[in-house]
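These notes are about the structure you will find just below.
The values are calculated or read from the model by the stated rules, or taken from the named source; none is laboratory data. Everything numeric here is computed off the predicted structure, so don't read it as measured data. Methodologically, a virtual Cβ is constructed for each residue, glycine included, from the backbone with ideal geometry; neighbour enumeration extends over all protein chains shown.
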Amino acid sequence: MARASDGESALHKHLRVLGVFEAAVPFLTLSQIAERAGLAPSTAHRLVGELEREGLLERLPDRTYRLGVRLWELACRTPGALGLRELARPYLQAVQARVRQHTQLGVLSDTDVLFLDRLSARDAVLNATLIGGRIPLHASSSGLVLLAHSGQGLVDAVLSAPLRRYTPHTIQTEAQLHAALRRVRADGWAVCEGHIHEESRGIAVPVYGAHQDVIAAISVVVPNDGAPALPYVELLTRAAGEIGASLRAAYLPTGHPAATPGGRFRPLVNSSVRSMEYFEATGS
């Protein structure tokens, strides 16, 4: 891989440019990109031009840039993101129909939870999660579930930086984090009361993938009103089990010891029966 004179690879610099765009800041000028990425204007100009030619950035008539549609196209091909989201959506909808607040699907991304999907009612409790948005692992129920099923190296990485404080209830110390993770491992779920917004409570359970590893967390955000958490946990656990079973059916080849009947290794297509038959027949 080509490396710049400062030792940073060209790929990493391109990723720095793409990484400056956020859900709250979707449009940026060239100078803003350079400043946010910490790049010289001439370097930013060259990198942005290359990304634009590949369709990873798009230039708008007002001379601002946004992330390109080709990024979405590429993301749609990964089973770990949009494939999982598509498969899990019916089960999220079933949970949301019962809770009528917020129902979310999150995956691990560095030291954050990356939210692939969220369903919300218009009159639901406060929740600032966005699809494609991130929250630090220590601060959310989904994050604690994912962190509890990760290695010590990730826990150390989380603790290597100051733990962001959202409310007085946010986990702030190493001892608090370790205690919370022990509780998640013992219970099998996480409850965070007022950790991000004092009026809101997050409740999450793990989603197990085709090889019985934790690949995601499904959660609800509901009022922090002291109501029992167990009914939510039971609802989420059923949904997580259905998602896991669907993953095994879709991604493990027939004959694999952990495969369910009808399992086959192929892309996920959430569509009608006739459409699925067409994809099977054509090998699409």
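Report those strands (runs of 3 or more DSSP E) wholly inside the stretch 36-143 carrying at least 1 residues which are under 11 Å from the mean Cα position of the chain (by Cα) and more than 24 Å from T167 (Cβ to Cβ).
On the way: elements: 57-59, 65-67, 102-109, 112-120, 134-136.
In the stretch 36-143, 102-109, 112-120 are the strands (runs of 3 or more DSSP E) which contain 1 or more residues that are under 11 Å from the mean Cα position of the chain (by Cα) and more than 24 Å from T167 (Cβ to Cβ).
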Practice task
State whether one or more residues within the stretch 6-25 are surrounded by 12 or more Cβ atoms within 10 Å (Cβ to Cβ), farther than 20 Å from R134 by Cβ and acidic (D, E).
Solution key: no
Practice task
Confirm whether L137 is modelled with pLDDT of 95 or more and assigned by TED's automatic domain parsing to the domain that holds T103.
Solution key: yes
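Filtering the stretch 100-141 down to residues that are of a type in the set (G, A, S) and crowded, with 17+ Cβ neighbours inside 10 Å, which residue is nearest to I215 (Cα to Cα)?
By that ranking, first place goes to G106.
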Exercise for the section: Kindly state which helices (runs of 4 or more DSSP H) lie completely within the stretch 166-284 and contain at least 2 residues that are among the polar types (S, T, N, Q) and modelled with pLDDT under 95. Expected result: 273-282
Exercise for the section: Test V25 against the stated conditions and say whether it is modelled with pLDDT of 95 or more and farther than 27 Å from L147 by Cα. Expected result: no
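Results for (1) small (G, A, S); (2) out of contact with any strand residue (DSSP E or B) (no Cβ under 6 Å at 6 or more places or on another chain); (3) in the same structural domain as G68 (by TED's automatic domain parsing), shown as yes or no for each residue.
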| site | (1), (2), (3) |
| --- | --- |
| L15 | no, yes, yes |
| L18 | no, yes, yes |
| F21 | no, no, yes |
| A24 | yes, yes, yes |
| T29 | no, yes, yes |
| I33 | no, yes, yes |
| G38 | yes, yes, yes |
| P41 | no, yes, yes |
| L51 | no, no, yes |
Exercise for the section: Pull up the stretch 229-244, narrow it to residues that are surrounded by 14 or more Cβ atoms within 10 Å (Cβ to Cβ) and among the aliphatic types (A, V, I, L, M), then point me to the one that is nearest to E86 (Cα to Cα). Expected result: I243
Completion exercise
Exception for L154 within (1) under 25 Å from V20 (Cα atoms); (2) aliphatic (A, V, I, L, M); (3) buried (at least 17 other Cβ atoms within 10 Å of the Cβ) falls at (3)
